[in-house]
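Some notes on the structure that comes next.
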């Protein structure tokens, strides 16, 4: 059976965790992968905790259940660490990536004894400095690609440049900032 | 060359509708099908289609507008889910009995109540005797392909019946996955033009549609309608063969997955088929001879064919994502059981699982549980409980197995 | 076939039509074939036209629910087509000139 990388996203309604999962699916698709990107819909409103998922593989994916034993977990908002069991089922050989100003060492005690790798990224800082606004998705995407290694980094970056050119064809001034946000996230994500 | 893309099931359906470019789309929004008319209305606004988009005030009106448009000789399409389909109810029957080949995207959602916006098949299963052809889709690709084949089936002179293309709400409608699209021109050539022999706007041959039909003739019209559904069987296969030639993708009444040497099999519809394939692969690695029969065509029901396909198994689980509340078994189960009985006796042992109600998630482990139960039945020759619920929360004692 | 202009042949559905030969979905493909359906034998009361009182105002003509009041090419009403008069009496009711009697069928 082919190897499928499974990723679970935790965010709050309105922060774009679903969008982040779709962006990752897009990026992986563009590098030739088979992908799934889907949200788990609840009664969410702005601010309610939400979950989204990705599966990425070199072969066709047939399974259509939610993900219970993810290889990676991405947390878009660190206030969820205390309210949601973000490491539920997370594989110990996998990793969790958290958007926070805390260090991995500071996050670890909040993770209910999770013994795998913990990565942190200050997506707010990167976003404010590169885009001038708080869009955590782009830096989170860079960090997840870096940590998970689901696709070649160079190929990913080249592809994202093309995709930004297409997506922001009417506001080319934001392309550079987005590319920078990705690059910085890939450099600045810290693990322990 | 096929176009490699990634789309959600709803996007794939909307793209198919764009390529079909129907005369009229009349729709009213309801989760989880809302995105279909939403995307489609942007195609209308952008001039990508020359469809008349009718933003109606209810689903009853949506289907009524489709009936009018189709009777006037146009191609009419709509999309709905759950209570929207329920509100169309009386007009569904009218569309079918007036023999109007309307095409609908049905994004399966639990019919209220209790109020649930998620997925099961209680909506389309309720409409199973309305006279509509029903195709089911495992994923975005099948939702797209079924939609491209829908008009060819519905509008065939031997058929002239409305058709609904079903897919699982959220599970596939909102999941982005890889898909192969066909070029616009190829779709256009395949779908062709709709040229009905009789319609309301042909002034040189005026007709009346929908007159009073008393006991003298009503039965004859219904008998003819039933025959159209019977004839739809060969048309569905004929259209699928032609579609395979241009797409390379093959469709029949059902797909048989790893059934050649299987001892037991599950029969089910839509997205759970993908999860079942995953479970089959895993069990096969353990040497367990299990397979899957994924039904694509539920109306017309391929009774003879399905009975023949299931005959060789020792045990079969029919999985229903809708309950019939009849104290006897789900809708798919009762029809499969009936088909097997008519074929003769003794066929395979057969059990029913009601599953995934209100989108209770179906895990690979759930399917593995079903297959292990089937293997147990195959080995012992004994069926414990026939009518079962999979994945519902129970007291611990009940969880120890069906046989207890 | 009273009142038929003779321009076209009207087709009725034969009472013993087998199901394979009946029109699809009940479509009526012979426009105006209601003329073949005679309602005259439903009648227990009948209207009687009194031409000497009639002013040809034509108020009676449009209210007839069937086609019992023929109007000729000069726009004048003629005597009743009793094959299509079910005896509802509306014409007699609307006539302002007492030019239509409404009497028992047996008389």
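Let me make sure I get this right: for chain A, a, b and c are the square roots of the gyration tensor eigenvalues over alpha carbons, sorted descending. Under 1.5 in a/c it's rounded, otherwise prolate if a/b > b/c, else oblate. Which is it?
Details: a/c = 1.43, a/b = 1.14, b/c = 1.25.
Rounded, because the longest to shortest axis ratio a/c is under 1.5.
For peptide B:225-233, compute the average count of partner chain beta-carbon atoms within 10 Å of each residue's beta-carbon. Could the numbers behind the result be given before it?
Working: counts 3, 1, 2, 2, 0, 0, 0, 0, 0.
Mean partner shielding for this stretch: 1.
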Legend entry - Footprinting exposure proxy for C:42, C:49 (fewest neighbouring C-beta atoms within 10 Å first): C:42, C:49
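Just for the protein assembly as shown, what percent of DSSP beta bridges are antiparallel, to the closest 5? The partial results should precede the final answer.
Working: 38 of 91 bridges.
Bridges in the protein assembly as shown are about 40 percent antiparallel.
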Inset, instruction - Would you mind pulling out the separation of the Cα centroids of the range B:347-372 and the range B:206-279, in Å? - result: 23
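When ranked by the protection proxy of mean other Cβ atoms within 10 Å per residue, highest first, what sequence do the peptides B:46-55, B:300-309, B:117-126, A:6-15 form? Walk me through the numbers before you get to the answer.
On the way: B:46-55: 14.1, B:300-309: 18.6, B:117-126: 25.6, A:6-15: 23.0.
Sorting B:46-55, B:300-309, B:117-126, A:6-15 by mean packing, highest first, produces B:117-126, A:6-15, B:300-309, B:46-55.
Find the all-direction average of the projected area of the Cα convex hull for the range A:83-169, expressing the result in square nanometres with one decimal place. Mind showing how you got there, number by number?
Numbers: hull surface 27.4 nm².
So the mean shadow area of the Cα hull is 6.8 nm².
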Inset, instruction - Report relative contact order for the range C:38-104 in percent, whole number only (criteria: Cα-Cα under 8 Å, sequence separation at least 6). - result: 49
Inset, instruction - Arrange B:365, A:105, B:204 by Cβ neighbour counts within 10 Å, fewest through most, would you? - result: B:204, A:105, B:365
Legend entry - Rounded tilt (10° steps) of B:218-247 against the dominant C-alpha axis of chain B: 80
Inset, instruction - Could you calculate, for the range B:137-218, the ratio of the Cα radius of gyration to the Kirkwood radius, expressed as Rg to Rh? - result: 1.13
Legend entry - Mean ellipticity per residue at 222 nm, deg cm²/dmol - from DSSP H runs of n ≥ 4 across chain A, formula -39500 (n - 2.57): -11000 deg cm²/dmol
Legend entry - When chain B is reduced to its Cα atoms, the Kirkwood hydrodynamic radius in Å: 21.7
Inset, instruction - Given the peptides C:61-73, B:369-381, arrange them by the average over their residues of other C-beta atoms within 10 Å, most packed first. - result: B:369-381, C:61-73
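Taking only DSSP H segments of four or more residues, each worth -39500 (n - 2.57), what value at 222 nm results for chain B once the sum is divided by all its residues, to the nearest 500 deg cm²/dmol?
Numbers: 14 runs with 165 residues, N = 404.
Only helices count here, giving -12500 deg cm²/dmol.
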Inset, instruction - Could you rank the peptides A:81-90, B:286-295 by their average count of other C-beta atoms within 10 Å per residue, with the highest value first? - result: B:286-295, A:81-90
Legend entry - For the range A:1-53, alpha-carbon Rg and Dmax in angstrom: 12.2, 39
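For the residues C:95, B:106, B:218, what sequence is obtained by ranking on other C-beta atoms within 10 Å, fewest first? Show your work: numbers first, answer last.
Values: C:95 22, B:106 27, B:218 13.
Final ranking by Cβ density, sparse to dense: B:218, C:95, B:106.
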Inset, instruction - Mind telling me which of C:89, C:40, C:75 comes out most flexible in a GNM of chain C, alpha-carbon contacts under 10 Å? - result: C:75
Inset, instruction - Tell me the label-point distance for the pair residue B:386, residue B:3, using the 7 Å Cα-to-Cβ offset, in nm and rounded to one decimal. - result: 5.0
Legend entry - Kirkwood Rh, Cα atoms: Rg over Rh of the range B:194-271: 1.17
Legend entry - Estimated FRET transfer efficiency when R0 is 45 angstrom, pair residue C:52-residue B:218 (beta carbons, to 0.05): 0.40
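Taking each residue of A:33-39 in turn, how many C-beta atoms of other protein chains fall within 10 Å of its C-beta, and what is the average? List each step's numbers first, then the result.
Numbers: counts 2, 3, 5, 7, 6, 10, 4.
Average per residue, whole number: 5.
Compactness ratio of the range B:254-399: Cα Rg over 2.2 N^0.38 Å, N = residue count?
Numbers: Rg = 14.0 Å, N = 146, 2.2 N^0.38 = 14.6 Å.
Against the empirical 2.2 N^0.38 Å value, I get 0.96 for the range B:254-399.
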Legend entry - Scattering profile of chain C at q = 0.17 Å⁻¹ [log10 I(q)/I(0), Debye over alpha-carbon scatterers]: -0.84
Legend entry - Per-residue mean of C-beta atoms belonging to partner chains within 10 Å, peptide B:204-213: 4
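Report the rotationally averaged projected area of the protein assembly as shown based on its alpha-carbon convex hull, in square nanometres. Write out the running numbers ahead of the final one.
Working: hull surface 162.0 nm².
Taking a quarter of the hull surface, the average projection is 40.5 nm².
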Legend entry - Helix B:364-380 axis, angle to chain B major axis (alpha carbon atoms, nearest 10°): 60
Inset, instruction - Give me the distance between the Cα centres of the range C:58-107 and the range B:1-63, rounded to whole Å. - result: 53
Legend entry - Cα principal axis extents for the range B:251-306, largest first, Å: 37, 22, 16
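Taken together, the values in this text are just the output of simple stated rules run on the coordinates, not laboratory data. Because the structure is a prediction, the values reported are computed rather than measured. Cβ coordinates were reconstructed from backbone atoms using ideal geometry, including for glycine residues, and neighbour counts include every protein chain displayed.
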